[in-house]
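The structure appears right after this line, and notes come after that.
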Ligand code: DGI
Ligand code: FE
Ligand code: FE
Ligand code: FE
């Protein structure tokens, strides 16, 4: 069993310093958003600590875990950038002993989102977009929007990802689009 300090030590050792700084930003922002919107800040903090734990693992290691443990195999047909979320949730459970399904799902869906995102899913996914170290076109606007609309800001985050992928002629994982559409519906 890992306490919070041990978890931080173990997770930070698996990524370059810059990615750990990003993780610290996601932790801070996720806790703030959780307080604002009524999610559990302790769960938000834990999900944030672990969300990118597998981000710098080799493609082979991630592929092996996805195949060997029969995790979402549709992911294997899509961009490797998507794999660390599913592998991260698996690792949080199997290596770090996280059993809370809400925390595991927030890690699992932090990149693609999903239809019917929980409050915790939204908080972690939005924190990943707007943490203080992020810099992409429109991020200032999203930070403002995040003060009063969780779904509005998150939909804006997905719009930015999708626009970026389209501009670069990349394949969009269908769940990313479904998640974005679901958030737009929630805003109507
Ligand atoms: O891990 P982070 O960089 O903090 O952020 P993330 O997990 O939200 O996104 C990781 C990468 O995944 C990012 O470069 C954008 C990419 N991505 C997100 N959705 C899709 C995607 N790539 C493809 N090809 N398709 C998607 O739907
Ligand atoms: Fe990520
Ligand atoms: Fe994200
Ligand atoms: Fe991240």
Once both labels are modelled 7 Å past Cα along the beta-carbon direction, what's the residue 188-residue 61 spacing in nm?
-> 4.4
How far apart, in nm, are the 7 Å Cα→Cβ label points at residue 144 and residue 167?
-> 1.9
Can you sort 62, 27, 15 so the residue with the fewest Cβ neighbours within 10 Å comes first?
-> 15, 27, 62
Calculated FRET efficiency, residue 181 and residue 135, Cβ-Cβ r, R0 35 Å, to nearest 0.05?
-> 0.85
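Which ordering of 123, 26, 31 is given by a fewest-first count of other beta-carbon atoms within 10 Å?
31, 26, 123
Could you estimate the translational diffusion coefficient of the range 110-149 from the Stokes-Einstein equation, with Rh from the Kirkwood formula over C-alpha pairs, at 20 °C and 1.002 mPa s, in whole µm²/s?
Roughly 199 µm²/s, to the nearest whole number.
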Dimensionless Rg/Rh of the range 4-187 - Kirkwood Rh, Rg from C-alpha atoms | 0.94
Sorted by Cβ neighbour density within 10 Å, fewest at the top, the residues 45, 79, 73 = 73, 79, 45
Find the centroid of the Cα atoms in the range 1-47 and in the range 61-79, then give the distance between the two in whole Å.
-> 25
Residue 118 to residue 94: extension gain in nm, 0.36 nm per residue of separation minus the Cα-Cα distance?
-> 6.4 nm
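FYI, it's all coordinate maths here, none of it is from the lab. Remember, it's a predicted structure, so these values are computed and weren't measured experimentally. Reconstructed Cβ throughout: ideal geometry from the backbone, glycine too, with neighbour counts over all protein chains shown.
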